[in-house]
Every structure is written in structure tokens, then in C-alpha cells.
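Only one structure is covered here, and it is reproduced in the block below.
Derivation of every value follows stated rules applied to the coordinates shown; laboratory data play no part. Computed from a prediction, not measured in an experiment: that's the story for all the values here. For neighbour counting, all protein chains shown are included, and Cβ atoms are generated from backbone atoms with ideal geometry for every residue, glycine included.
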């Protein structure tokens, strides 16, 4: 048997979430199967299972490396993600968030966010004194600003996640609250400019207006209507695996609204259990952060924030606590990019855990 280093509970929880993802994908992709692969009902299940195997293989390979050597590689990865974002930005489609490589879809914004987190962790550990003023932090702020500028016009939700994560991360890294406030004010101006001028600005404004009115779901807000029906019809115990009704009507039921279908099929109890698994996962990451030092500690904290924010936004949208937006559920939603990013985080956390415990 291959040796598994680091936090075993973290690995086990990731595996359990991945198995839940397989059950969800098999059920929620019925509409896609009828449309594109009617002769192979298991197409997306097999595809997700293969991606899950690849993800764990990558995570295992990464956890055998020494995380302390990865600092410069994070920056290389960040530059590569920028090149991909620039290519996507100038393709001319304001709604296009994916690119296709060898027939497989790939979302550069997911890669950019994780690589930026690694870069920030590396730089903040290397030069913590640069966090004291916004002027000395300009190299870091420039990286955040460039990444946001390339992500937000195509995907405002991911851009907002990036900004929220970055501000919290900089504060935890040692940036004074006053400096955080100054940066926040500057960032709000940029955010408002993007919100009112980007190609998808009318869609964002309509979604926000529907959310703030707190009225009955309008007929044209199709996603919100069917997400609500999925959640409300699940009840306490749910309809049972594979018995979702809204999977036939809810767009992105296998990705951006995965939690809605989970509650419909497994009920409130199932939803609480899934959130409990995420709680265990985040608890173990927090434990790694308490024993690690330097870049390893910051990377662990950054991973905690990225995953917690992503889960919080996805669940918040499904429960109508937040406006409609497109954020996948880690380890569960259909999608190779999301799985590979989670594998990268898991592998690095495994390396950090192992080297911190053996120090």
C-alpha cells in the first residue's frame, strides 16, 4: 500500500465529499444525458469518477513534495493563469468563462484564484514588513488588482470572492486594519465601475434588484424559482437518491445549484450532514495552520478561507440568502477545474501537515 502522509482525517473527508459528488452528478445530469449522450446514461458519472481519480492522484503526488520549494512555482502558475485569462478576456464574449483544451472545458479563474493565494502566502511570509502600508504592499495589491480586473468582467461572483478573500487574508497576514480600510475604499470604486460598465452588468443589476425586493420570485427569474422549489420540496428526509424533480428544470443543477438538488433528494438531514463534512474538513485545515509556520501556515489559512467562502456562497445562493451567482460546491459539483483546484489544495495541505509534524 502506498504511504499516505499528513492528516488522514482530511484525506478521508475529501474522499467522502467526492463520493457524495458522484451520487449528485449521476442524478443531476439526467437532462444532459438525454440531450448529448442518450445511449450512455453513465457518461457523466464515469467522467466525474475518472476526474476524481486524477484529482486524488495529483493530490497524492503533490503531498510527497516539499511545500517549502513551491513559493516561486506559485508565481509561475499565477502568470500562466493570467495569460489564460487575457486570452479568454479578448475572445469577445462577455459571458464566456471557460476555454476548451483537447475537448475538455477549463475555467482559468479557478486556477488564478488558487495561484494568487499561493503567491500571496509566499510573498507575505518572505517580506511581512511590506504589509504595514498600502504603498509598501503595492506589489501584492497589484497582483490582486490585475487578477480581479481580468476575472470580474466575465464572472463578477468569482471577482467578489477574490476581493473578499484577499482583504481577509491580508488582514490575517498582518496588514493593519486602517490600511485594510483604505484599500477597501479604493476597491469599492473599482467594483462599482465594473458593476455598471461590464458586458453582463444588466444581468447582475437585475439579479440584485430581484434579491433586494424580497418579493415573490418573478416569472423570469427561472433559476431562483426552481432552486427554491428543490429546497422546499426536499423536506426533512428528502425524496431519495435519484428522485429529484427540479434536476430536469434547474439550469446547472449539477454545478452551481448542486446543494439545491442535494437537499431535494436527501432532505434537511442530508444537507446538515454535508455541511458537517465541510466543517470537519475546515477544522482539520485549521489544525494544520496551528502547527505550521511561515508560508505553510499562511497557505493553510488561505485554503481555509477559499473553501469556506466558496461553500458559504454556494449554499447561500441555494437557500436564497445571497443573490443568484455561479459558484461550484467543492468536491461535489460536476467540473474538472474545480476538482483539480481542490486536489492542488489538498496535496499542498498534506505536504504542509507532514513536514510540520516531522519537524
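Given their separation in residues at 0.36 nm each and the Cα-Cα distance between them, residue 182 and residue 66 gain 38.1 nm when the chain is fully extended.
What order do you get for 120, 192 when you list them from fewest to most C-beta neighbours inside 10 Å? Could you put the intermediate results ahead of the total?
Working: 120 23, 192 10.
In order of increasing Cβ crowding within 10 Å: 192, 120.
Okay, helix-only estimate at 222 nm for the chain: each DSSP H run of n ≥ 4 adds -39500 (n - 2.57), divide by all residues, round to 500 deg cm²/dmol; what do you get? Each step should come with its number before you reach the end.
On the way: 13 runs with 247 residues, N = 359.
Rounded to the nearest 500, the figure is -23500 deg cm²/dmol.
Placing pseudo-labels 7 Å out from each Cα toward the beta carbon at residue 32 and residue 268 gives an inter-label distance of 3.1 nm. Panel values: the chain, Kirkwood radius from alpha carbon pairs, Stokes-Einstein at 10 °C and 1.306 mPa s, translational diffusion coefficient 75 µm²/s.
Compared with the direct C-alpha span, the chain from residue 146 to residue 73 gains 24.4 nm at full extension, assuming 0.36 nm per residue. Look at where the Cα atoms of the range 105-158 and of the range 54-79 average out, and the two centres are 18 Å apart.
Using the count of nearby Cβ atoms within 10 Å as a rough guide to exposure, how do 8, 239 rank from fewest to most? Provide the component values of the computation, followed by the final result.
Values: 8 12, 239 17.
Going from least to most buried by this count: 8, 239.
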